[in-house]
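S.K.: First the structure, which I've put down as structure tokens, then a few questions once you've had a look.
The values are calculated or read from the model by the stated rules, or taken from the named source; none is laboratory data. Keep in mind it's a predicted model, so treat the numbers as computed, not measured. All Cβ positions, even for glycine, are placed from backbone atoms using ideal geometry, and neighbour counts span all protein chains on display. These area figures cover heavy atoms from the full protein model, side chains too; ligands, DNA and RNA do not enter into them. Shrake-Rupley method; radii C 1.70, N 1.55, O 1.52, S 1.80 Å.
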Amino acid sequence: MARLFDDCSKGAVPPVAEAFGYEAAVDETLEAFPDVYFEAGDHAELVHVSGDDFRYMMHGARHGHFSHPN
């Protein structure tokens, strides 16, 4: 992963893979939230987007149910 995302901190995988030219997948559960937060390419900062903006950004991604909230 470090080679694919060499401008990100080790272990920080960007959630918007399409920005790097890769196909993205999104858990449909995230689309129900009014706000979404994700790592900003490192382990120290977060990006905040509205649920509407997240749904717009991820409209072309594969959708499914593959995660479980803790």
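S.K.: Step through the residues of the range 34-49 one at a time and calculate ³J(HN,Hα) from phi using the Karplus curve (6.51 cos²θ - 1.76 cosθ + 1.60, θ = phi - 60°), rounding each to whole Hz and writing x for Gly and Pro.
M.R.: Couplings: x, 9, 10, 10, 8, 4, 9, x, 8, 9, 10, 10, 10, 9, 10, 10 Hz.
S.K.: Please list, ordered by chain and number, the residues whose modelled amide H lies under 5 Å from the amide H of VAL26; skip anything fewer than 5 residues away on the same chain.
M.R.: The list, which skips near neighbours in sequence, is ARG62, HIS63, GLY64.
S.K.: Nothing charged except the Cβ atoms of Lys and Arg (+1) and of Asp and Glu (-1): what's the magnitude of the dipole of the chain about its Cα centre? Round to the nearest 20 debye.
M.R.: Charge dipole, the chain, about its Cα centre: 220 debye, nearest 20.
S.K.: Then there's this: Once the other residues with Cβ under 11 Å from the Cβ of SER67 are scored (Lys, Arg +1; Asp, Glu -1), what is the net sum?
M.R.: -2
S.K.: Tell me the relative contact order for the chain as a rounded percent, counting alpha carbon contacts under 8 Å between residues six or more apart.
M.R.: 32 percent.
S.K.: Report the local net charge at ALA17: Lys and Arg +1, Asp and Glu -1, summed over other residues whose C-beta lies under 11 Å from its C-beta.
M.R.: Neighbour charge sum, excluding ALA17 itself: -1.
S.K.: When Lys and Arg each count +1 and Asp and Glu each count -1, what net charge do the other residues less than 10 Å away from GLY51, Cβ to Cβ, add up to?
M.R.: -3
S.K.: Taking only protein heavy atoms into account and a 1.4 Å probe, give the accessible area per residue of the range 1-51 in Å².
M.R.: On a per-residue basis, the range 1-51 sits at 68 Å².
S.K.: Sort the chain into rounded, prolate or oblate with this rule: let a ≥ b ≥ c be the square roots of the eigenvalues of the Cα gyration tensor; rounded if a/c is under 1.5, and if a/c is not under 1.5, prolate when a/b is larger than b/c, oblate otherwise.
M.R.: The shape class here is prolate.
S.K.: Moving on to the next point. Please report, as a whole percent, how much of the solvent-accessible surface of the chain comes from carbon and sulfur atoms (probe radius 1.4 Å).
M.R.: Using a 1.4 Å probe with all protein chains present, the chain comes out at 54 percent carbon and sulfur.
S.K.: Still on this structure: Using 0.36 nm times the number of residues separating SER9 and ALA32, minus their current alpha carbon distance, what extension gain do you get?
M.R.: 5.4 nm
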